[in-house]
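**Q** Take this structure first; my questions come after.
The values are calculated or read from the model by the stated rules, or taken from the named source; none is laboratory data. Since we're looking at a predicted model, the values are computed, not measured. Positions of Cβ are generated from backbone atoms using ideal geometry, with glycine treated the same way; all protein chains shown enter the neighbour counts.
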Amino acid sequence: MLGIGSGVTKRGGRPNPIESEGKQSTGGVSGHSTEVVENPLSGERITIVCRNVGPEANALVWDLVLGPGGRVPSSHIHPRQQECFTVLDGELHFRVGWRRLEVRQGESVTVAPGRVHSFANQGRVPIRVRVETVPALDMEDLLRTAAVLAQDQYLAGKRLPRLVDLVLFMQEFKAEVASPWIPGVVAIICRPAAYLARLIHADRRYRRLRQSCGSPTVGHQA
């Protein structure tokens, strides 16, 4: 195993099957899923593979198909989660902090909590990646919500998301994702802004979109 900066490791070799896949785990439900989440802006096509797997039954496993030119919408950090990316087909261009990596078929990259990262497909064919997020928290809900917001933005022909939607999203999923740039300041701004949006009912559209993707009404708002 080759260390690549603090909190990042890259592992070569053929990917090993996830042993707990499709098995019942104590404290949660696991198994295969046919749910597919598509983001027309980023070119991401996500299939939830397993929920609540692993020794502590707290991991989310999902497959990512990234089309040519596709990329994660922006650099970001996961404050409390570790992510492991294993390339199944193709070559993933990864950036962790200031380091750029080319992750090929059979190689893995593990990103520790709090590390800024992003990834893209700079090739001409789709690539397929297995991702394991630990702990799962509400990552599955985040993926669905981000996709439905992107679909709405795409259909409206807008280059940027609505500011109120972005604020509500960042506040709701603050445990799962944060801005890589002065995250403390962004968090301080988002909390009162999200509260004000709910107070004046400017969150109605966001809540409607959330419900349309099968997600519950906004939960962790504090």
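**Q** For a quick check of your reading of the model, give me the residue pairs whose first member lies in region 95-106 and is more than 12 Å from Ser118 (Cα to Cα), whose second is at pLDDT below 95 and part of a strand (DSSP E or B), with beta-carbon atoms closer than 9 Å and at least 6 apart or on different chains.
**A** Val103/Lys10
**Q** Further, regarding this structure: Restricting to region 174-210, and then to whatever is free of Cβ contacts under 8 Å to residues at least 24 places away in the same chain and part of a loop (DSSP other than H, G, I, E, B), can you tell me which residue is nearest to the chain's Cα centre (by Cα)?
**A** Trp181
**Q** Go through (1) at pLDDT 90 or above; (2) within 19 Å of the chain's Cα centre (by Cα) one by one and return the number of the condition Pro216 breaks.
**A** Only one criterion in (1) at pLDDT 90 or above; (2) within 19 Å of the chain's Cα centre (by Cα) is unmet by Pro216, namely (1).
**Q** Filter region 85-144 for residues that are more than 20 Å from Ile48 (Cβ to Cβ), among the acidic types (Asp, Glu) and surrounded by fewer than 17 Cβ atoms within 10 Å (Cβ to Cβ) and give the result.
**A** Glu91, Glu102
**Q** Related question: Condition first: farther than 26 Å from Gln82 by Cα and surrounded by fewer than 17 Cβ atoms within 10 Å (Cβ to Cβ). Now tell me which residues in region 165-193 satisfy that.
**A** Selection gives Pro192 alone.
**Q** While we're looking at this one, here's another question. Mind checking whether some residue in region 50-58 is at pLDDT 90 or above, assigned to a strand (DSSP E or B) and in the same structural domain as Trp98 (by TED's automatic domain parsing)? Explain how you work it out, then say what you get.
**A** Here is the first cut: in region 50-58, the residues at pLDDT 90 or above are none.
No, every residue in region 50-58 fails to be at pLDDT 90 or above, assigned to a strand (DSSP E or B) and in the same structural domain as Trp98 (by TED's automatic domain parsing).
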